[in-house]
């Protein structure tokens, strides 16, 4: 049979993909008729020091005195001290032992920012959200960045590593081993030290765990009963997750993918100036991966492409969480550019934020994926 044109092949390929998704949606719909979703919203509280009680969300700390800030004893975040900018993340070790959130990008100037020198300073006397003084080409540029974002992100970049968190940690104490034996679906969480016990770290966990329990994570930002400046985005409507569920099922069934990264690996993040404000282009994406019997990494390119096309749908699952996660990746890339291209500026900036504290938001040690909303 003669081959069609490239355009015809592309049309047929897209048709086959859409038909497969429709079929899966039908299967998912039929099999879930006797499993109604719990439509009630979670009842969570946040203390005055921004330490949430996340047990309803399935996230927990171990009450062992040796566990500090939700991280393992001895060397918090040790297995997150992994990876350097521009290193290949598609290795068996990273797929098997790390996964999670990995931000590799270094921002590049574009448009009106191209070829312009960059400088940053921190002014604690300004109102929160206005303390980062950014100049591009000698002109002040507005950069609305709050301390709860800026400080952890800068310290993460300063570490030189690119792995933010993992759900693939292991039980490390007798109490954790006991819980590991009780719960088949337990996932041990570990954060890079700069992101542990921060709102940035918690939201990256929400973004990473979004497809573990989509229904639950739609309401993840509602754990806080205190308004956090620059954080919440009002929800317009609840997002249907049937198609996303079906796509994940498709990937697991047909494409041999068994996990995913939330990453900017291989994507360009650029910055420019628009209306005297810094503007970013480029966002992280979900990269579905697996290992074949020979321990070679399988990248689910077709599934990755489908999820790319559904970016707006995925974003709408929880706009607050996704905006935070995307801003984090963009500012990581920008700060990494400053660190690499303007080392003296970077060192001075890091000295200015030394000792600056941000609200403590307790990040969990483990996650039970089957938790239901109450």
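The values are calculated or read from the model by the stated rules, or taken from the named source; none is laboratory data. The model shown is predicted, which means the values in this text are computed figures rather than measured ones. In this analysis, Cβ positions are derived from the backbone assuming ideal geometry, glycine residues included, and neighbour counts consider all displayed protein chains.
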- Kindly provide the set of residues from region 317-356 that are without any contact (Cβ under 8 Å) to a residue 60 or more places away in the chain and not in a helix (DSSP H, G or I), ordered by number. 354, 355
- Query: Do we find that residue 247 is farther than 25 Å from residue 205 by Cβ, over 19 Å from the mean Cα position of the chain (by Cα), modelled with pLDDT under 90 and not in a strand (DSSP E or B) in this structure?
  - Reply: no
- Can you name every residue in region 288-316 that is in contact with a strand residue (DSSP E or B) (Cβ under 8 Å, 6 or more places away or on another chain), outside any loop (DSSP other than H, G, I, E, B) and free of Cβ contacts under 8 Å to residues at least 60 places away in the same chain? 288, 298, 303, 304, 308, 311
- Total residues in region 180-192, condition surrounded by fewer than 20 Cβ atoms within 10 Å (Cβ to Cβ) and at pLDDT 90 or above: 3
- Which ranges mark the helices (runs of 4 or more DSSP H) fully within region 174-228 that have 1 or more residues being on the phi < 0 side of the Ramachandran plot and without any contact (Cβ under 8 Å) to a residue 40 or more places away in the chain? 174-182
- Task: Determine, yes or no, whether residue 163 is farther than 22 Å from residue 128 by Cβ, assigned by TED's automatic domain parsing to the domain that holds residue 85, buried (at least 20 other Cβ atoms within 10 Å of the Cβ) and at pLDDT 90 or above.
- Result: yes
